[in-house]
Amino acid sequence: MATQNTAGRGREISLERAGELADYTTGYREAKAHIPRGTDPACIKRYEAQKAKLLTVLGGTEADWADWKWQMKHRIDDADTLAQILDLSETEKQEIHELGVTYRFAVTPYYLALIDPADPKDPIRAMSVPTALESDDSGESDPMAEEFTNPAGIITRRYPDRLILNVTNACAMFCRHCQRRRRIGDADCDVSRAALDESFAYIRNNPEVRDVLITGGDALALDNDQLEYILSSLRAIESVEMIRFGTRTLVTLPMRIDEGFLAMIEQYHPVYLNTHFNHPRELTPQAVQACAKLCKAGVPLGNQMVLLEGVNNDKYVVQSLNHELCKARVRPYYIFHAKHVKGTTHFCTSIDDGLEIMAHLRGRTSGMAIPTYILNAPGGLGKTPLLPEYIVERTSEKVTLRTWEGKLVEYPNAVN
């Protein structure tokens, strides 16, 4: 009888606790109903309508639309063409034209079709269409001091065992929050074979380098033959264990993940790919399919979100994004605190915004859906993780911890 009473009490306590835990989901479930996702029927319908409009304006076909090189060739880079797709005032057109002199502007037809033309505060629009806010000259052109971390060729090196290869200044789209906008210039420019070979020689002569990140610009703006030269050259260096790509093409040009690229990349594993989704709207059926193709080709995927004012500095938007990423088999990897780059400071948030998001995620979603919040230390001193404070007090005997619910608990610090 005592055992039955104990079991009954245990079930009663468990059910009471389950109710408490369910209550923690209420805010997100209510907010989620108002956070649009790229796979929502309304978003798909609007995309198809905008796609049809763009094909008419650009004189393209369905086959053209699916061709990543057609998309690159037909990037929209002038205010007059843009105004045929979006509702722009004459003032906005003039601002875009004037800003283009300083900060280059280009967006793929695919990504442009994701914008709600009736919403001037659309987050997709904020990331792709210039505004007068970019005329603010505060901030730095090179906050990570990459000029002083370039020991050879096209290398950026900030860590003991890994480095970056900046293989092009080209991108499918020039994001308005770009950290390397100083390198965009007036035209796409891939690095020379000589600069590549100089970089490979440096890696070969520094065998402590075991991990190479290929980026730009966007590395996948290069064609498959160029990429294969880079991959084969790196794989020929015995000390290189891991190769990574940093790319936003899954977001802005998902048709770039073609059969030629997939067949080629399978020959050089292990190859990892980190992409850059910032909002649930960007995870469209096309983007999800591109992720699936890479997974099938054996490429582990991660996401590096940038925390952006007016785009995703909201705990529920980030939670929704991370859930959609996990469904697409993309691991939320980093949340980057936006750097104070000239022309982009209107996107900068407080560090408190990021810490609030991290505190919200912990306990309210699975650990695999919780990225690391990162601030890049000024002067090229590397990534610094930021976390809410969970250790309230620490002595040699014990540690007082704050749990994800805000409850205080004590835990022994001494081993004996």
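The values are calculated or read from the model by the stated rules, or taken from the named source; none is laboratory data. Small disclaimer: the values here were computed from a predicted structure and weren't measured. Quick reminder, even Gly has a Cβ in these numbers, built from the backbone with ideal geometry, and neighbours come from all protein chains shown. All accessible areas refer to the heavy atoms of the entire protein, side chains included, with ligands and DNA or RNA removed. Shrake-Rupley method; radii C 1.70, N 1.55, O 1.52, S 1.80 Å.
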Task: Residue among 139, 27, 382 with the largest mean-square fluctuation in a Gaussian network model of the chain, springs linking Cα atoms under 10 Å - done: 27
Task: Separation in nanometres of the label points that stand 7 Å from Cα toward Cβ, at residue 78 and residue 352 - done: 4.7
Task: Check: region 25-124 dipole with +1 on Lys, Arg Cβ and -1 on Asp, Glu Cβ, in debye - done: 460
Task: Options 370, 13, 56, ranked by Cα towards positive dipole end of the chain, top entry (Cβ charges) - done: 13
Task: Farthest toward positive dipole pole in the chain [+1 Lys/Arg, -1 Asp/Glu at C-beta], among 28, 310, 382 - done: 28
- [ ] Taking every pair of Cα atoms in region 282-358, average 1/r, invert it to obtain the Kirkwood radius, and report Rg/Rh to two decimals.
- [x] 1.03
Task: Charge dipole (debye, nearest 20) of the chain; +1 at Cβ of Lys and Arg, -1 at Cβ of Asp and Glu - done: 1180
Task: Positive-end residue of 250, 70, 348, charge dipole of the chain with Cβ unit charges - done: 250
TODO: Calculate, for the chain, the solvent-accessible area per residue in square angstrom, rolling a 1.4 angstrom probe over the heavy atoms of the protein chains.
DONE: 47
Open item on the list: Using square roots of five times the C-alpha gyration tensor eigenvalues, list the equivalent-ellipsoid semi-axes of region 214-367 in whole Å, biggest first.
Closed with: 29, 17, 15
- [ ] For region 132-250, report the convex hull volume of the alpha-carbon atoms normalised per residue, in Å³, without decimals.
- [x] 110
Open item on the list: Looking at the chain only, what percent of DSSP beta bridges run antiparallel? Nearest 5 please.
Closed with: 40
- [ ] State the volume of the convex hull built on the alpha-carbon positions of region 316-412, expressed per residue in Å³ and rounded to an integer.
- [x] 136
- [ ] Averaging sequence separations of C-alpha pairs under 8 Å and six or more residues apart, then dividing by the length of region 349-403, give the relative contact order as a whole percent.
- [x] 25
Task: Restricting region 115-215 to trypsin sites (Lys or Arg not before Pro) in coil, as DSSP defines it, with at most 12 other Cβ within 10 Å - done: 121
Open item on the list: Longer than 19 Å from Cα to Cα, which of 293/383; 296/327; 73/339; 73/293; 121/342 are they? Say none if no pair is.
Closed with: 293/383; 73/339; 73/293; 121/342
TODO: Calculate for the chain the 222 nm mean residue ellipticity that helices alone would give, adding -39,500 (n - 2.57) per DSSP H run of length 4 or more and normalising by residue count, nearest 500 deg cm²/dmol.
DONE: -11000 deg cm²/dmol
TODO: For region 1-110, just run the numbers: alpha carbon Rg, then divide by 2.2 N^0.38 Å, N being how many residues it has.
DONE: 2.02
Task: Angle in degrees between helix 193-205 and the longest Cα principal axis of the chain, rounded to the nearest 10 - done: 40
- [ ] Give me Rg over Rh for region 331-374, both radii from the alpha carbons and Rh done the Kirkwood way, two decimal places.
- [x] 1.05
Task: P(r) of region 112-174 over all Cα-Cα pairs, binned every 5 Å from zero, in whole percent - done: 3, 13, 15, 16, 14, 14, 13, 8, 4, 1
Open item on the list: Can you tell me which of 276, 177, 360 moves the most in a GNM of the chain? Springs connect C-alpha atoms under 10 Å apart.
Closed with: 360
- [ ] Over the Cα atoms of the chain, compute the convex hull volume and normalise it per residue, giving Å³.
- [x] 191
TODO: Determine the share of region 272-319's accessible area contributed by carbon and sulfur atoms, expressed in whole percent, with a 1.4 angstrom probe.
DONE: 47
Task: Cα coordinate range in region 372-416, projected on the principal axes (Å, largest first) - done: 42, 27, 13
Task: Solvent-accessible ranking of 73, 407, 93, 51, largest area first, probe 1.4 Å - done: 73, 407, 93, 51
Open item on the list: At 1.4 Å probe size, with the rest of the protein present, what percent of the exposed accessible area of region 116-249 is carbon and sulfur atoms?
Closed with: 50
- [ ] Give me the angle, in degrees from 0 to 90, between the Cα long axis of helix 2-23 and the longest principal axis of the Cα atoms of the chain, rounded to the nearest 10.
- [x] 30
Task: Shape metrics for region 246-319, restricted to C-alpha atoms - Rg then Dmax, Å - done: 13.3, 41
Task: Exposed-loop-free span, longest in the chain, where GluC sites (Glu not before Pro) count as exposed if DSSP calls them loop and at most 13 other C-beta atoms lie within 10 Å - done: 1-207
Open item on the list: Under 8 Å for C-alpha pairs, at least 6 residues apart: give me the relative contact order for region 1-142, rounded to a whole percent.
Closed with: 22
Task: Degrees, to the nearest 10: 224-235 long Cα axis against longest axis of the chain - done: 60
